Amino acid sequence: MPTDPADAAAAAVDADEVLALAQALIQARSENPGATEDAAAEVATGVLLGLGAAPSTIRGEAGRPSVVATIGGDHGPSLAWNGHLDTVPAGSPDTWSVDPFEGAVVDGRLIGRGACDMKGPVAAALVAAAAVVHAGVELAGSLTFHLVADEELAGTHGTQVLRDRGLLTQGAAIVGEPSNLEVALAERGGAWVTATTYGAAAHGSQPDRGVNAITAMARFLLRVHEVVPETVHPLCGRATVNAALISGGSAPNMVPDRCVVDIDRRTIPGETDPEKVLAPFLALADEIRADDPSFDLRTEIREWILAAESPADTPIAEAIRAAAAAETGAVPPDVGFTGITDARFYLNDAAIPTVIFGPGDLSVAHTADEWIGVDDLVAGARTYARIFASFLGA
Ligand SMILES: [Zn+2]
């Protein structure tokens, strides 16, 4: 038996149990939209009850379940581990090589909707907690699971509910999204901008009598990349802009008088002022108008999510690096996370030092044949077990 509690906890991870739990979670289908997280919440609740925890199910207005449960003591640090129970839809089953809700293993890969994002990581964390318990490692501090609904559609019915109920009180947090077991300390935010060009309708056979709103929008979109500042964040890189959705015109024989585009402008940490993000859109419109006085474009920010960032030297980040190094022999790099996660609620709303850290590769999330390596799942569970044992003062 290893004498170091972190070694003992890692050694107690049961590889078969991690895979079986990840498969059970995948089989508990929970596509969002759909409000169907109850089955996955039940699987997680069963595991937590088996660990002697007293899980509670927190539901917001829309009735979606988030499972909250604590193990450990109350005379040491406190840590929240957050993972979401919902997934994006599987899409058309014939784009998959296996049933997306079976949990098939092919060539060492667990394939299924949610395999890496993020039922696999949830299974790894739960089995890590089980390993801590089974190894007889007494935690001085507390480990609280926040297994939430609705992350894929902005967290309104999940982590945001926990925030509103005053449950984000821990001294540190891990959001277990798939980071390839690298230390993700920052994530980008987003500004969803609606841009509308206004023209003047006319008979389609006499375009000169009207002003074409679609052509006007085309001029704008061909230069929209100019609205992104040059600033580079050390972990997140540059901001991005993407014209995502377009509609315009009302009949094939009319000059269109309106064109609307939804623009997805991703922000980097430090971009905190919506007006500043919008200003280059307005400046670009002014430039085009100087050349063509009929050009009329208006913009508004429909939705705004602040980017988030954690300092590099927090105790939880140090504990994660040490655990990963003990497990793999190398300290993982600090990275930025390209997507938006529930880490923002802990960092921006509750000022809790938070690291995004989990097994699996985000680039296969949301795809057909989404997968996670079975070895990666087990490495994730062993690393989490080390973190729980060392950070919570065994
Ligand atoms: Zn996710």
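Quick notes on this one:
- Contact map, region 36-65: first residue farther than 17 Å from residue 162 by Cβ and of a type in the set (Ser, Thr, Tyr), second residue open to solvent by less than 30 Å² (accessible area, probe 1.4 Å) and in a loop (DSSP other than H, G, I, E, B), Cβ cut-off under 7 Å, separation 6 or more or different chains; pairs are 36/30.
- Test: residue in region 87-94 that is open to solvent by less than 20 Å² (accessible area, probe 1.4 Å), at pLDDT 95 or above and either more than 16 Å from the ligand (Cβ to nearest atom) or more than 20 Å from residue 30 (Cα to Cα) (or both): no
- Subset of region 312-324 [of a type outside the set (D, E, K, R), part of a helix (DSSP H, G or I) and crowded, with 16+ Cβ neighbours inside 10 Å]: 316, 317, 319, 320, 322, 323, 324
- Taken over region 148-176, residues that are under 15 Å from the mean Cα position of the chain (by Cα) and open to solvent by 10 Å² or more (accessible area, probe 1.4 Å) amount to 7.
- Residue count, region 325-381 (criterion: more than 15 Å from the ligand (Cβ to nearest atom), open to solvent by less than 60 Å² (accessible area, probe 1.4 Å) and part of a loop (DSSP other than H, G, I, E, B)): 7
- Odd one out for residue 304 among (1) closer than 20 Å to residue 200 by Cβ; (2) open to solvent by 30 Å² or more (accessible area, probe 1.4 Å): (1)
- The one condition in (1) within 16 Å of the ligand (Cβ to nearest atom); (2) open to solvent by 50 Å² or more (accessible area, probe 1.4 Å) that residue 203 fails to fulfil: (1)
- Close pairs (6 angstrom Cβ cut-off, 6 or more residues apart or separate chains): in contact (Cβ under 8 Å) with a residue 24 or more places away in the chain and of a type in the set (S, T, N, Q) in region 338-359, crowded, with 20+ Cβ neighbours inside 10 Å and part of a helix (DSSP H, G or I) anywhere: 354/343; 354/346; 354/347
- When residue 181 is tested against (1) within 30 Å of residue 282 (Cα to Cα); (2) open to solvent by 10 Å² or more (accessible area, probe 1.4 Å), just one condition goes unmet, and that condition is (1).
- Of 154, 125, 149, 115, all but one fail to be touching a residue at least 60 places away in the same chain (Cβ under 8 Å), on the phi > 0 side of the Ramachandran plot and within 16 Å of the ligand (Cβ to nearest atom); the exception is 154.
Every residue, every condition in (1) farther than 28 Å from residue 337 by Cβ; (2) in contact with an Asp or Glu (Cβ under 6 Å, 6 or more places away or on another chain), yes or no:
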site: 71; (1), (2): no, no
site: 85; (1), (2): no, yes
site: 94; (1), (2): yes, no
site: 109; (1), (2): no, no
site: 115; (1), (2): no, yes
site: 146; (1), (2): no, no
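- Elements of type helices (runs of 4 or more DSSP H) in region 1-111, at least 1 residues being polar (S, T, N, Q): 15-27, 38-50
The values are calculated or read from the model by the stated rules, or taken from the named source; none is laboratory data. Predicted model, so just to flag it, every value in this text is computed and none were measured. Counting neighbours? That spans all protein chains shown, and the Cβs are built from the backbone with ideal geometry, glycine included. When the accessible area is computed, the model is the full protein with side chains, heavy atoms only, and any ligands, DNA or RNA have been set aside. Shrake-Rupley method; radii C 1.70, N 1.55, O 1.52, S 1.80 Å.
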